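None of the figures in this text is laboratory data; all of them are computed from the coordinates on show. Everything numeric here is computed off the predicted structure, so don't read it as measured data. Reconstructed Cβ throughout: ideal geometry from the backbone, glycine too, with neighbour counts over all protein chains shown.
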Amino acid sequence: MINGKRVAVVMPAYNAEKTLEKTVAEFTDIVDIKILVDDNSTDRTAELSRSLGVDTYIHDANYGYGRNQQTCYREALAAGADIVVMVHPDYQYTPLLIPAMAGMVASGVYDMVLASRILGGGALRGGMPRYKYVANRALTAFQNLFLGVKLSEYHTGYRAFSREVLETLPLLENSDDFVFDNQMIAQAVAFGFHIGEISCPTKYFKEASSINFRRSVTYGLGVLKTTMDFYFHRIGLRKNAMFLTRGRRVSLQYYAGNEAAVEAVPDATQPAANDAAKTVTHA
Ligand SMILES: Nc1nc2c(ncn2[C@@H]2O[C@H](COP(=O)(O)OP(=O)(O)O)[C@@H](O)[C@H]2O)c(=O)[nH]1
Ligand SMILES: [Mg+2]
């Protein structure tokens, strides 16, 4: 709790077994709700998550990082969160900054907070590959120009949101892939939310990064497209559901009439039924 507001931390996970425990160990007691969504990992991420007392949801297929976040936010809203912080379970960003980020949202000054690896200048020292750094700076300059805001970077995976942001943005119109993160910032700008930044160190090591050069190029092209989608929408050339109030949003109605969507998985090692992981299907 901060300022009487319930804080949820959500972790979109894929094969995070080696780094999950270290990540969760840095959660402080302001965290009321802990959620992990396992995107059909091939390792023991979900079992470990459950044993650490984290509410665990398992996708019945590998739907991608964007779809994973849709489940994360839906479950955080369902659990009654007022503030939601996303942190990656790969220990790339320290969870020690969760209270600071959640506090900025709880203050009411910001609706959304990004933990920037560029502010403070630690990205290269933390081992960010040079080509990623250069692309980050160039894409950031490009987006600042077309989105009309001034952020130090758009590509961090460490963010905090107010409940209102998650209920308002049409997140179901976004990509299932990594560019989801970028689309979400463009949407927040389009809907007039106030975005704050905080500096954050980053660490690049084997388990913390699976995005290779090819996937980075796909992501970069997606960022360019997102920027143009935003711009064309804004000047009225081509409207895009991603930026419309009637775009599809994360909704708790998702499960209504679709009981098969979430099914409790019995687990012999967990006597209490509500401790069991749930399987989530997006069929
Ligand atoms: N849901 C989902 N998450 C993924 C997938 N691949 C990676 N991730 C998660 O996305 C986050 C970012 O990926 P990562 O490889 O660390 O990217 P990088 O740190 O930017 O190089 C990590 O927390 C991963 O667990 C996937 O196929 N599905
Ligand atoms: Mg990573």
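Quick notes on this one:
- Between helix 65-78 and the chain there is an angle of about 60 degrees, using the helix long axis and the longest principal axis of the Cα atoms.
- For Lys22, the aspartates and glutamates whose Cα falls under 15 Å of its own Cα, not counting residues fewer than eight places away in the same chain, are Asp90, Glu207.
- Partner lysines whose Cα lies under 30 Å from the Cα of Lys239, excluding those fewer than 8 positions away in the same chain, are identified as Lys150, Lys225.
- Antiparallel DSSP beta bridges within segment 7-253, as percent of all bridges there, nearest 5: 25
- Spatially proximal lysines relative to Lys278 (Cα-Cα < 16 Å; intrachain offsets below 8 disregarded): Lys34
- Here the chain is treated as an ellipsoid with the same Cα gyration tensor; its semi-axes, largest first and in whole Å, are 28, 22, 19.
- A Gaussian network model of the chain, with springs between Cα atoms under 10 Å, assigns the largest mean-square fluctuation among Gly103, Gly236, Gly121 to Gly236.
- Max mean-square fluctuation residue, GNM over the chain, Cα-Cα springs under 10 Å, options Glu167, Glu17, Glu153: Glu167
- Per-residue packing, averaged as other Cβ atoms within 10 Å, sorts the ranges 9-15, 54-60, 124-130, 113-119 into the order 9-15, 113-119, 54-60, 124-130, beginning with the highest.
- Computed on the chain, with alpha-carbon pairs under 8 angstrom and 6+ residues apart, the relative contact order is 22 percent.
- At an R0 of 41 angstrom, the distance between the Cβ atoms of Leu52 and Gln253 translates into a FRET efficiency of 0.85.
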